[in-house]
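Okay, so here's the structure we're looking at.
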Amino acid sequence: MSEDPRRGIPRTDLALATAPLAAAAQRLGRTRVRAAVTTAQERARRGEIRPDEVIDAAVTSLPTRASSLTPVLNATGVVVHTNIGRAPLSPTAIEAVVDAAGYVDVEMDLASGARSRRGAGALTALLEAVPDAGAALAVNNGAAALVLATTALAAGREVIVSRGEMVEIGDGFRLPDLIASTGARLREVGTTNRTHARDYLEAIGPETGCILKVHPSNFRVDGFVASVGVPPLSGARRPDGSPVPVVADIGSGLLTPDPLLPDEPDATSWLREGASIVTASGDKLLGGPQAGLVLGDAEVVELLRRHPLARALRVDKLTLAALEATVSGPAPPVTTSLHVTADELRPRVDALATALGREVVAVEGRVGGGGAPGVPLDGWALEIPVAAVERLRRPRGDGPVVLARVDDGRGLVDLRCIPADRDGDVTTALRAALRTPPSPS
Ligand SMILES: *Cc1c(COP(=O)(O)O)cnc(C)c1O
């Protein structure tokens, strides 16, 4: 009579003491590794694997990454793609984040040992990039910047907004709801398609907290339309002669104009036109970490900074590090992807097409992230079957995840947002997804 094979299943403590699992526990934590061992032991008890395969099975079942977030190669051609984390950080910003991950002098002056202004480096970098701003502040995201501004300037009073700018940004984020949540009252002026300077000015009264201008970043209205820029509103006063601050939510975070995006507002231009402060996102066209930027008049920014809500919306050291490195460092990937030309993309896509025996088609990339809806980005893409798009998203083995897009029933691989040094990875992933055998070399 042979001995019960299940007797050979290694005990949990002995399994955890083996070199590969001890190393895995160092990296991933004992709890996760213990769970993997338990699962492998159960499989052995059910006879699915042999007892001497338990350690190997546990090792293979462990995640290769420390978090469940999976990096993807963005082959959608959409530069700022909210569902995959908007802006990828530049290598310089990543280095800054890694440096800041330990103990770091985020709120200490090392020369004197005294406490210092939190994140001063990032704010200085912003002010150097936007000299028209007297002061800067960074909070959790663009929505937080807007909430802080309307709370500090208009809670219990009125915010004057054009009916043409009562926007929904995405994911159910609606400007009127956001403002109502701060305890400020909306004072809507004008109509959906036309608002004039006198509409704003006639609405100003003792109850006015601020005027809010919002860039309608994700749609366009054509036809019989009129909207008001900042100039006729700046310098507006309440009946008692006190100035009415003009808050301008520019959304996408351009600090200076970008000739490629002529309709996209930027912080410098809007401050020059007379906005008291501008608010913007850090992870759209600025190409940095998720953050909300406030730039402008030093007194108004100080009012926001001292408001109790500012403490609840403050950013962490990792964000401050990435923000500083993005603003003062080399052009981030978002800028590079936005400006890459069709001519620059063509040879890269041609190389893919030759390697895989597929067609190249002309495509338009998009800015995305609710930005610059009317601006097409000319480029070239590799056409693949829609089924291959699915397989690229769920690769077998440990290959990279490639996110392609489906357009009009065609699968498209757009290299616009992929660093050129990753083209080889894309080719490998495509080979597997298209089930094309490697060419003999
Ligand atoms: C994106 C956007 C926001 C919200 O910014 P988040 O950083 O996503 O919170 C607000 N206003 C405008 C005009 C935007 O485009």
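The values are calculated or read from the model by the stated rules, or taken from the named source; none is laboratory data. Source: prediction; values computed, not measured. Note that we place each Cβ from the backbone using ideal geometry, even for glycine, and neighbour counts take in every protein chain shown. Remember, those area values only see protein heavy atoms, side chains included, never the ligands or the DNA or RNA. Shrake-Rupley method; radii C 1.70, N 1.55, O 1.52, S 1.80 Å.
Just one of the listed residues (Val130, Val167, Val97, Val159) is open to solvent by less than 40 Å² (accessible area, probe 1.4 Å), outside the structural domain of Thr341 (by TED's automatic domain parsing), within 12 Å of the ligand (Cβ to nearest atom) and of a type outside the set (Gly, Ala, Ser), namely Val167. Restricting Asp52, Asp109, Asp13 to residues that are loosely packed, with under 13 Cβ neighbours inside 10 Å and touching a Pro at 6+ places or on another chain (Cβ under 9 Å) narrows the list to Asp52. Looking across region 364-402, the residues that are open to solvent by less than 50 Å² (accessible area, probe 1.4 Å), modelled with pLDDT of 95 or more and not small (Gly, Ala, Ser) come down to Leu382, Ile384, Val389, Leu392, Val401, Val402.
When restricted to residues that are away from the ligand (no atom under 15 Å from the Cβ), small (Gly, Ala, Ser) and closer than 24 Å to Ala100 by Cα, region 277-311 contains 1. Summed over region 261-278, the residues that are open to solvent by 10 Å² or more (accessible area, probe 1.4 Å) and farther than 14 Å from Leu295 by Cα give a count of 3. Taking region 211-241 as the range and being at positive phi and open to solvent by less than 60 Å² (accessible area, probe 1.4 Å) as the test, only Gly241 passes. Looking across Arg34, Arg6, one residue alone is modelled with pLDDT of 95 or more, more than 14 Å from Thr60 (Cβ to Cβ) and assigned to a helix (DSSP H, G or I). It is Arg34.
Annotation note: Cβ proximity below 6 Å between a residue of region 279-295 that is within 12 Å of Leu254 (Cα to Cα) and in the same structural domain as Ala136 (by TED's automatic domain parsing) and a residue that is near the ligand (Cβ under 9 Å from one of its atoms) and acidic (Asp, Glu) (sequence gap 6+ or interchain) occurs for Thr279/Asp249.
I need the full set of residues from region 71-87 which are in a loop (DSSP other than H, G, I, E, B) and farther than 22 Å from Ala342 by Cα, in order please. The answer is Pro71, Gly85.
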